[in-house]
Amino acid sequence: MASIKDIQQDIVDEFDMFEEWMEKYEHIIELGKTLPLIDENHKTEDNLIKGCQSRVWLHAEKQDNTVMFTADSDAIMTKGIIALLVRTFSGQKAQDIVEADTDFINQIGLKEQLSPTRANGLVSMVKQMKLYALAFQSQN
Amino acid sequence: MLDVSQIRQQFPILHQEVNGYPLVYLDNGATTHKPKVVIDAIQHYYEKQNSNIHRGVHYLSQLATDEYEASRETVRQHFNADHLHEIIFTKGNTEAINLVANGFRALLSSTDEVLVSAMEHHSNIVPWQMACQSSGATLKVIPMNNRGELDMLAYQNLLSSNTKVVAVNHISNALGTINPVKEIIQLAHQVGAAVLVDGAQSGPHAHIDVKDLDADFYCISGHKIYGPTGIGALYGKEEWLNKLPPYQGGGEMIATVSFKETTYAGLPHKFEAGTPNIAGGIALKTAIDWLNGIGLENVMKHEHELLEYATKELAKIEGMRFIGEASNKAAVISFLVGDIHPYDMGMILDKLGIAVRTGHHCAQPVMDEFCIPGTIRASFAVYNTKEEVDRLVEGVKKAQQMLS
């Protein structure tokens, strides 16, 4: 499994191909459309992170010393960003997730997506991913 | 005839690019921009007049007090209220409602009922819920139909001798519906209930005449009528304001203070504890004068033309669904396109330099009523143009193409 840093660098390289915001957005929309992200059974009230604008569901499972994430959103742009976050964090060691940052989102020019004022649930989602990792880590 | 380009020149903020496009600002329901005269009034206050009011014998204090009280007179005229002391300055519409609802905690009992409408924003729901919780009174909801109009028959059936307060908006922020507040008030008065009209959205879009309406309370926010943030006004009938206990304690609101007992100041000071937003109060007068200079009739006519044009043009887009189609509507359009999430639409419109509101508009129960996660809302002001409507329509089409 590639490290979080490596995966994030891959994503940054991937987005470097796009010059215009429109192309970036179209790519994010594609990611949002194509990826099956979560088992419908896991789209429960407990797993729901409420944002003012869009809703996010996040499910976490411990597998050995790694954490597997699945997630979804009702908004497709949010879902696209989720796909990127899941790609970087899912399957990683709990400790690595706790220590990781999400600066790559800034680097690919989608900073506004992780801005608290967007109220799209993503900021809370990143926090929740780290909390799961922290909880699983302390179980080891 | 309104010269919109001349009006636009008075708004410095409108002349900028956002994400590489000339800004199209259609989020006026959230807040309007400020004309240069209002910005200047704030600056002028701090440069030439700054002083605490109602308490100094010196020149500046007198000057600031006179200006602030002149604003109260302007607001009185704007509301067409009888008495100056029936105008309370607040920090905004929300504080005005809290002031009244909080006062009613002392007047409500467990058998009493408070009615709010199904199309209220949170500011006109939560303070009443809190008042009911602490007094044991019951909160009831006046339903609406699927066009976003209040069900007046259901309202009449809800009214009884237990009804003590009815709190409704004049214009719905989420739907644009103009409510028949005069009739609502008449019916409420037949059972002896007081009526608070939330004028957050009506301030810049409609004539307010509290005497004609016979409203018991009416409130507005300054920042929605081209004035500064942090200032608003509450009109209350003298008899009601005398019945309500003070909202906050402190300086300004007292007559005498000793550790044994404090007596309260008369109206309006009883409800104005502490140093107020003096600059905001003074600039609010400038904003109202500015609006009157253009003429509310002209503003309403222009906004109505924009509403009709935008409704006609947006309706041509495939999958367009308007939320709120009341026959009597202000210049607010809430809509959805196909199954596109409003957040996705808003993100792309933003990238195209178009500012709209997306989400539940702080009126979650309205969205629940229509079983939708939110809407995209375009709300117009006097400085908007048909060209901007065209940009919105093009933007929506572009977003639709990208998202489907």
Fill in the blank from the handout: Expected output for segment A:79-101 (first residue at positive phi, partner crowded, with 20+ Cβ neighbours inside 10 Å, Cβ below 8 Å, 6+ apart or cross-chain) is A:91/A:67
Handout entry: Single residue of segment B:353-381 satisfying the filter (under 17 Å from the mean Cα position of the chain (by Cα) and farther than 23 Å from residue B:145 by Cα) that is nearest to the other protein chains (Cβ to nearest Cβ)
Key = B:357
Practice task
Report whether or not residue B:289 is within 14 Å of another protein chain (Cβ to nearest Cβ) and out of contact with any Gly (no Cβ under 7 Å at 6 or more places or on another chain).
Solution key: no
Handout entry: Any chance residue A:34 is at pLDDT 85 or above and polar (S, T, N, Q)
Key = no
Practice task
Just give me the residues in segment B:326-352 being surrounded by fewer than 18 Cβ atoms within 10 Å (Cβ to Cβ) and under 24 Å from the mean Cα position of the chain (by Cα), in sequence order.
Solution key: B:327, B:328
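Are there any helices (runs of 4 or more DSSP H) wholly within segment B:173-275 with 2 or more residues that are in contact with a strand residue (DSSP E or B) (Cβ under 9 Å, 6 or more places away or on another chain) and closer than 26 Å to residue B:367 by Cβ, and if so which?
Details: elements: B:181-190, B:210-213, B:238-243.
Because the criterion is at least 2 residues that are in contact with a strand residue (DSSP E or B) (Cβ under 9 Å, 6 or more places away or on another chain) and closer than 26 Å to residue B:367 by Cβ, the helices (runs of 4 or more DSSP H) in segment B:173-275 that meet it are B:181-190.
How about segment B:11-39: which of its residues are in a loop (DSSP other than H, G, I, E, B) and more than 23 Å from the chain's Cα centre (by Cα)? It would help to see each step written out before you state the result.
Just the residues of segment B:11-39 that are in a loop (DSSP other than H, G, I, E, B), to begin with: B:11, B:15-16, B:19-20, B:23, B:26, B:28-35.
Result: B:15, B:16, B:19, B:20, B:23.
Checking the conditions here, which among B:347, B:402, B:367 is hydrophobic (A, V, I, L, M, F, W, C) and free of Cβ contacts under 8 Å to residues at least 24 places away in the same chain?
On the way: B:402 fails: free of Cβ contacts under 8 Å to residues at least 24 places away in the same chain; B:367 fails: free of Cβ contacts under 8 Å to residues at least 24 places away in the same chain.
Checking each option against the conditions leaves just B:347.
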Problem - Matching residues, segment B:18-39, being within 14 Å of another protein chain (Cβ to nearest Cβ) and exposed (fewer than 15 other Cβ atoms within 10 Å of the Cβ) - result: B:19, B:20, B:21
Exercise for the section: Filter segment A:1-21 down to residues that are at pLDDT 90 or above and within 14 Å of chain B (Cβ to nearest Cβ), then give me how many there are. Expected result: 1
Practice task
Could you please find all residues in segment A:1-49 being touching a residue at least 60 places away in the same chain (Cβ under 8 Å) and not in a helix (DSSP H, G or I)?
Solution key: A:1, A:3, A:49
Fill in the blank from the handout: (1) farther than 30 Å from residue B:144 by Cα; (2) of a type in the set (Asp, Glu); (3) surrounded by fewer than 16 Cβ atoms within 10 Å (Cβ to Cβ) all hold for residue B:308 apart from (1)
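So, of the residues in segment A:50-62 that are in contact (Cβ under 8 Å) with a residue 40 or more places away in the chain and not charged (D, E, K, R), which turns out to be farthest from the other protein chains (Cβ to nearest Cβ)? Lay out the reasoning, then the answer.
The first filter runs over segment A:50-62 and keeps only residues in contact (Cβ under 8 Å) with a residue 40 or more places away in the chain, leaving A:50-56, A:58, A:60, A:62.
Filter once more, so that each one left must be not charged (D, E, K, R): A:51-54, A:56, A:58, A:60.
Values: A:51: 8, A:52: 5, A:53: 4, A:54: 4, A:56: 11, A:58: 17, A:60: 24 Å.
The selected residue is A:60.
Does segment B:156-165 contain at least one residue that is part of a strand (DSSP E or B), of a type in the set (Val, Ile, Thr) and in contact (Cβ under 8 Å) with a residue 24 or more places away in the chain? Working first, answer last.
Quick first cut of segment B:156-165, residues part of a strand (DSSP E or B) only: B:163-165.
Restricting the remaining residues to those that are of a type in the set (Val, Ile, Thr) gives B:163, B:165.
Subset that is in contact (Cβ under 8 Å) with a residue 24 or more places away in the chain: B:163, B:165.
Among the residues of segment B:156-165, at least one is part of a strand (DSSP E or B), of a type in the set (Val, Ile, Thr) and in contact (Cβ under 8 Å) with a residue 24 or more places away in the chain, which makes the answer yes.
Yes/no per residue for (1) closer than 18 Å to residue A:133 by Cβ; (2) of a type in the set (Asp, Glu):
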| residue | (1), (2) |
| --- | --- |
| A:45 | no, yes |
| A:57 | yes, no |
| A:64 | yes, yes |
| A:76 | no, no |
| A:84 | yes, no |
| A:89 | yes, no |
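Within segment B:277-381, which strands (runs of 3 or more DSSP E) (wholly inside it) include 3 or more residues that are over 30 Å from residue B:73 (Cβ atoms) and either β-branched (Val, Ile, Thr) or in contact with a Lys or Arg (Cβ under 8 Å, 6 or more places away or on another chain) (or both)? Before you say what the answer is, go through the steps one by one.
Working: elements: B:320-322, B:332-337, B:357-359, B:375-379.
Those strands (runs of 3 or more DSSP E) span B:332-337, B:375-379.
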Exercise for the section: Would you check if there is a residue in segment B:166-180 being surrounded by fewer than 24 Cβ atoms within 10 Å (Cβ to Cβ), in the same structural domain as residue B:216 (by TED's automatic domain parsing) and under 16 Å from the mean Cα position of the chain (by Cα)? Expected result: yes
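Within the group A:53, A:92, which residue is in contact with a Phe, Trp or Tyr (Cβ under 7 Å, 6 or more places away or on another chain) and buried (at least 16 other Cβ atoms within 10 Å of the Cβ)?
Details: A:92 fails: in contact with a Phe, Trp or Tyr (Cβ under 7 Å, 6 or more places away or on another chain).
Within the list A:53, A:92, the selection yields A:53.
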Problem - Yes/no for residue A:113 being outside any strand (DSSP E or B) and within 21 Å of residue B:343 (Cβ to Cβ) - result: yes
Practice task
Would you mind stating whether residue B:273 is at pLDDT below 95 and either over 20 Å from the mean Cα position of the chain (by Cα) or surrounded by fewer than 19 Cβ atoms within 10 Å (Cβ to Cβ) (or both)?
Solution key: yes
Exercise for the section: Just give me the residues in segment A:63-80 being outside any strand (DSSP E or B), more than 9 Å from every other protein chain (Cβ to nearest Cβ) and hydrophobic (A, V, I, L, M, F, W, C), in sequence order. Expected result: none
Exercise for the section: Those residues that are more than 19 Å from the chain's Cα centre (by Cα) and surrounded by 17 or more Cβ atoms within 10 Å (Cβ to Cβ), I need them from segment B:188-213; list them, please. Expected result: B:188, B:193, B:194
Handout entry: Residues being under 16 Å from residue B:26 (Cα atoms), facing chain A (nearest Cβ under 9 Å) and touching a Gly at 6+ places or on another chain (Cβ under 9 Å) - total across segment B:332-350
Key = 4
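The values are calculated or read from the model by the stated rules, or taken from the named source; none is laboratory data. Everything quoted here is computed from the prediction, not taken from an experiment. Neighbour counts run over all protein chains shown; Cβ positions are idealised from the backbone, glycine included.
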